[in-house]
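S.K.: Structure in C-alpha cells, see below.
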Amino acid sequence: DTRQGGFTTVTYVLGADSDVTITVYDLLGYKVREWHFASGDPGGGRAGPNFHKWFGDTDVGDKVAKGGYIVKIEVKSSKGTQTIMRKVGIIH
C-alpha cells in the first residue's frame, strides 16, 4: 500500500556477477520504471541474493495508479542471458 510508504521488494538470485535490468510495465505494455545494475554492483548485480525496493513510482517520480503491473528482470552474464517476468499488484 503506497499510501503508507509501502513498497514491493523485487528479489532474485544471481549465479554470478551480472548486468541486470529491472523494468516495470503497466498492463498495456507501457514502461513505467526501469533500473540498471552493472555486473558486480552491490545494488543489484552481485552473485547471490539481491533485493530491490520499488515504492510504486514512475521514472519521473509520480505515483502509479492502483492495479496490476508486470516486472521484467533481464540478466546478462558470460553464461548468457535470462529473462523472467512476474505480476505485481499496487493498492492505494
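The values are calculated or read from the model by the stated rules, or taken from the named source; none is laboratory data. As the structure is a prediction and not an experimental result, all values here were calculated from the model. Note: ideal-geometry Cβ built from the backbone for every residue, glycine included; neighbour counts use all protein chains shown. Note: accessible area is taken over every heavy atom of the protein model, side chains too, but ligands, DNA and RNA are not part of it. Shrake-Rupley method; radii C 1.70, N 1.55, O 1.52, S 1.80 Å.
S.K.: Can you tell me which residues in the range 34-92 are in a loop (DSSP other than H, G, I, E, B), aliphatic (A, V, I, L, M) and surrounded by fewer than 12 Cβ atoms within 10 Å (Cβ to Cβ)?
M.R.: Scanning the range 34-92 gives Val60, Ala65, Ile91.
S.K.: Also, quick follow-up: Restricting to the range 3-33, and then to whatever is charged (D, E, K, R) and open to solvent by less than 70 Å² (accessible area, probe 1.4 Å), can you tell me which residue is farthest from Gly68 (Cα to Cα)?
M.R.: Ranking the candidates gives Arg33 first.
S.K.: Hey, any hits in the range 10-17 for a residue that's closer than 21 Å to Gly89 by Cα and in a loop (DSSP other than H, G, I, E, B)? Give the derivation first.
M.R.: Going residue by residue through the range 10-17, those that are closer than 21 Å to Gly89 by Cα are 10-12.
Narrowing the set further to residues that are in a loop (DSSP other than H, G, I, E, B) leaves none.
Within the range 10-17, none of the residues are closer than 21 Å to Gly89 by Cα and in a loop (DSSP other than H, G, I, E, B).
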